[in-house]
Amino acid sequence: QVRLVEPGGGLVQPGGSLRLSCEGSGTIFIFDTMGWYRQAPGKQRELVATAINGGGANYADSVKERFTISRGNANNTVYLQMNSLTPEDTAVYFCNAFLRRRIQYYWGQGTQVTVSP
């Protein structure tokens, strides 16, 4: 069974930094894409950033120049380095992975990020 585990998250002050990590398990295949979505209270889940296996990344306009996504040396890991955080970044962050051969998306359980003085 494929699982995505996201330790991390927490409380950080405005202007601070936080690094999220996500590790996938339960498959011998490398995910074609891995990424992060977030959902703030009362809002729809939105894309934050995605990283393609072999290179390439996409970012939401709201996080460009502040967030950096990267795939780990263990290929089914993904990280999100978040800098210059603002209260508007407060949300539950979900790890996401896509396996093309199965046409299947997978989701982590989510981790809370709160940006507050």
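If a residue has to be surrounded by fewer than 17 Cβ atoms within 10 Å (Cβ to Cβ), part of a loop (DSSP other than H, G, I, E, B) and not β-branched (Val, Ile, Thr) to count, how many in the range 90-109 make the cut?
Summing the residues that are surrounded by fewer than 17 Cβ atoms within 10 Å (Cβ to Cβ), part of a loop (DSSP other than H, G, I, E, B) and not β-branched (Val, Ile, Thr) in the range 90-109 gives 1.
Is there a residue in the range 13-28 that is free of Cβ contacts under 8 Å to residues at least 24 places away in the same chain, under 17 Å from Gly110 (Cβ atoms) and of a type in the set (Gly, Ala, Ser)?
For the range 13-28, residues free of Cβ contacts under 8 Å to residues at least 24 places away in the same chain, under 17 Å from Gly110 (Cβ atoms) and of a type in the set (Gly, Ala, Ser): absent.
Restricting to the range 40-60, name every residue that is within 18 Å of Val115 (Cβ to Cβ), open to solvent by 70 Å² or more (accessible area, probe 1.4 Å) and out of contact with any Phe, Trp or Tyr (no Cβ under 7 Å at 6 or more places or on another chain).
Pro41, Gly42, Lys43
Only one of these conditions is not met by Met34: (1) in a loop (DSSP other than H, G, I, E, B); (2) open to solvent by less than 20 Å² (accessible area, probe 1.4 Å). Which number is it?
Every condition holds for Met34 apart from (1).
Pairs under 7 Å by beta carbon, first residue under 15 Å from Ser25 (Cβ atoms) and in contact (Cβ under 8 Å) with a residue 12 or more places away in the chain in the range 66-80, partner part of a loop (DSSP other than H, G, I, E, B) and among the aliphatic types (A, V, I, L, M), six or more apart or different chains?
Every condition considered, the pairs that remain are Asn75/Ile30; Asn76/Ile30.
Restricting the search to the range 21-79, which residues are in contact with an Asp or Glu (Cβ under 6 Å, 6 or more places away or on another chain) and either at pLDDT below 95 or hydroxyl-bearing (Ser, Thr, Tyr) (or both)?
Scanning the range 21-79 gives Asn53, Thr77.
Run down Val113, Val48 and say which single residue is assigned to a strand (DSSP E or B) and within 11 Å of the chain's Cα centre (by Cα).
Val48
The values are calculated or read from the model by the stated rules, or taken from the named source; none is laboratory data. What you see is a predicted model, and the numbers here were worked out from it, not measured in a lab. Positions of Cβ are backbone-derived with ideal geometry, glycine not excepted, and every protein chain shown enters the neighbour counts. Note: accessible area is taken over every heavy atom of the protein model, side chains too, but ligands, DNA and RNA are not part of it. Shrake-Rupley method; radii C 1.70, N 1.55, O 1.52, S 1.80 Å.
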